[in-house]
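Novice: Following this message is one structure expressed as structure tokens.
The values are calculated or read from the model by the stated rules, or taken from the named source; none is laboratory data. Here the structure is a predicted model, which is why all the values come from computation and not from measurement. With ideal geometry, Cβ positions are generated from the backbone for all residues, glycine too; neighbour counts draw on all protein chains shown.
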Ligand SMILES: *[C@@H]1O[C@H](CO)[C@@H](O)[C@H](O)[C@H]1NC(C)=O
């Protein structure tokens, strides 16, 4: 298990270096920026893209009229071009990124000389993913300014602005459809609970709550994204979305722990060490959610964001590893019981169920963390939504599996066992002991 957690952590670390900005209209204050390069948002343009830049409160530390302000300005660059520009800078072919012919200059400060603000709109017709970058190549000038940047694509005959990046523009629909799926699941679950009301445990109502929260979470995420798509800002809906993500996150992890312990269907109480796991996981989920909010609300290249992303990943890894412990303990207890209480078949059945659950939880965690990040990295920006969909489908599969395997049962299979089955089970347990499976 330690190995699982360690390799998992390594994979996830790599994802730190992948970032897809959901480019909202963004306001950035820069104060006394010396010779340096400052990346802003990343955005996937179609061939009808636009970049709108409003720079105000410009203040240069050096008012000398002879300085070459063509070496201070904004440009757009693809990731690929950026690698080559780095090479050009290293080889001395150019002395400033703004001089390279590989990038698209948006505006330099020469045009704005003397003024305290300027506005530009430039069309982007080469569909690609670009990063907006500010470069100051002068060592004796410090620049302060307020930047409003908006990137969008024009859609349809009416040229409606679409503030979502090319690979994300269908996300509102994806989230909406998924939320319908979860609302249907919730309805089915209510029906099952009603039909099997005599064998329903408290954990089954907990499961219902998790599914309903997930459905609401998705519908608010859909509304949040579609609001960004239309207006470039997220006000209002993002708060609801964060609240529901937060509740869903806590409830889901708690549910995995509770099922792992066998709470309510195997035993009515939690052991102390199991309670401890919950007391670790729940506060960590609070931290993870705070980190998620900060990550979403800050510019993708800010220093804060990297720190919070590290916090988030660390906390997430700890939570994911912690939830595995109760399952492992349950498996151990069941094996122990099988040997001593003489009900091998019943225990073997439970054991198999918990082993399956253990493997499925690991697969779910791996898939939604590692595989999804890998997909984000290898797929083109245009298909960013496919990695989101893959993650959501894996989550859906996990919910369905959990619901199906731990559904309320009218005929408790544990009691309908004949001697032959009992003997076979005892035999298998003995074999397992010999081979230490
Ligand atoms: C930003 O600049 C564009 C282009 O000049 C202009 O249409 C827009 O109104 C400006 N926005 C703000 C907030 O100043």
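Novice: Hey, any hits in region 246-266 for a residue that's assigned by TED's automatic domain parsing to the domain that holds residue 324, surrounded by fewer than 16 Cβ atoms within 10 Å (Cβ to Cβ) and either at pLDDT 90 or above or at positive phi (or both)?
Specialist: No, because not a single residue in region 246-266 is assigned by TED's automatic domain parsing to the domain that holds residue 324, surrounded by fewer than 16 Cβ atoms within 10 Å (Cβ to Cβ) and either at pLDDT 90 or above or at positive phi (or both).
Novice: Here's a follow-up. Quick check on this structure: which one of 125, 139, 149 is more than 31 Å from the chain's Cα centre (by Cα) and within 30 Å of residue 36 (Cα to Cα)? Before the answer, list the steps.
Specialist: Values: 125 fails: more than 31 Å from the chain's Cα centre (by Cα); 149 fails: more than 31 Å from the chain's Cα centre (by Cα).
Only one candidate passes the filter, namely 139.
Novice: Has region 224-234 got any residue that is outside any helix (DSSP H, G or I) and farther than 20 Å from residue 292 by Cβ? Talk me through it step by step, then tell me what you get.
Specialist: Taking region 224-234 first, the residues outside any helix (DSSP H, G or I) are 232-234.
In the following step, the residues that additionally are farther than 20 Å from residue 292 by Cβ were identified as 232.
Scanning region 224-234, I find at least one residue that is outside any helix (DSSP H, G or I) and farther than 20 Å from residue 292 by Cβ, so the answer is yes.
Novice: Among the numbered criteria (1) within 23 Å of the chain's Cα centre (by Cα); (2) under 30 Å from residue 262 (Cα atoms), which one does residue 173 miss?
Specialist: Unmet condition: (2).
Novice: Can you give me the number of residues within region 85-97 that are touching a residue at least 24 places away in the same chain (Cβ under 8 Å) and touching a helix residue (DSSP H, G or I) at 6+ places or on another chain (Cβ under 6 Å)?
Specialist: 2
Novice: Taking the options 368, 386, 352, name whichever one is surrounded by fewer than 15 Cβ atoms within 10 Å (Cβ to Cβ) and in a helix (DSSP H, G or I).
Specialist: None of the others qualify; the one that does is 352.
Novice: In region 121-128, is there at least one residue being within 24 Å of residue 68 (Cβ to Cβ), touching a residue at least 12 places away in the same chain (Cβ under 8 Å) and surrounded by fewer than 20 Cβ atoms within 10 Å (Cβ to Cβ)? Quick ask: steps written out before the conclusion?
Specialist: So in region 121-128, the residues within 24 Å of residue 68 (Cβ to Cβ) come out as 122.
Checking which are touching a residue at least 12 places away in the same chain (Cβ under 8 Å) leaves us with 122.
Now restrict to residues that are surrounded by fewer than 20 Cβ atoms within 10 Å (Cβ to Cβ): 122.
Yes, region 121-128 has at least one match.
Novice: Also, quick follow-up: Mind counting the residues in region 56-83 that are touching a residue at least 12 places away in the same chain (Cβ under 8 Å) and under 32 Å from the mean Cα position of the chain (by Cα)?
Specialist: Residues in region 56-83 being touching a residue at least 12 places away in the same chain (Cβ under 8 Å) and under 32 Å from the mean Cα position of the chain (by Cα): 8 in total.
Novice: Continuing with the same structure: Looking at region 135-156, which of the residues that are under 28 Å from residue 380 (Cβ atoms) and surrounded by fewer than 19 Cβ atoms within 10 Å (Cβ to Cβ) is farthest from the ligand (Cβ to nearest atom)?
Specialist: Among them, the one singled out is 156.
Novice: Quick one: residue 411 ticks every box in (1) at pLDDT 75 or above; (2) outside any helix (DSSP H, G or I); (3) out of contact with any helix residue (DSSP H, G or I) (no Cβ under 8 Å at 6 or more places or on another chain) except a single one, so which number is it?
Specialist: (1)
Novice: Does region 9-23 contain at least one residue that is at pLDDT 60 or above and within 30 Å of the chain's Cα centre (by Cα)?
Specialist: So far as region 9-23 goes, no, none of its residues is at pLDDT 60 or above and within 30 Å of the chain's Cα centre (by Cα).
Novice: Let me ask something additional. Which fully enclosed strands (runs of 3 or more DSSP E) of region 36-134 have 1 or more residues being more than 16 Å from the ligand (Cβ to nearest atom) and touching a strand residue (DSSP E or B) at 6+ places or on another chain (Cβ under 6 Å)?
Specialist: The qualifying strands (runs of 3 or more DSSP E) are 36-45, 49-60, 72-78, 104-108.
Novice: So which of 287, 277, 293 ends up being part of a helix (DSSP H, G or I) and closer than 29 Å to residue 184 by Cα?
Specialist: Exactly one of 287, 277, 293 is part of a helix (DSSP H, G or I) and closer than 29 Å to residue 184 by Cα, namely 293.
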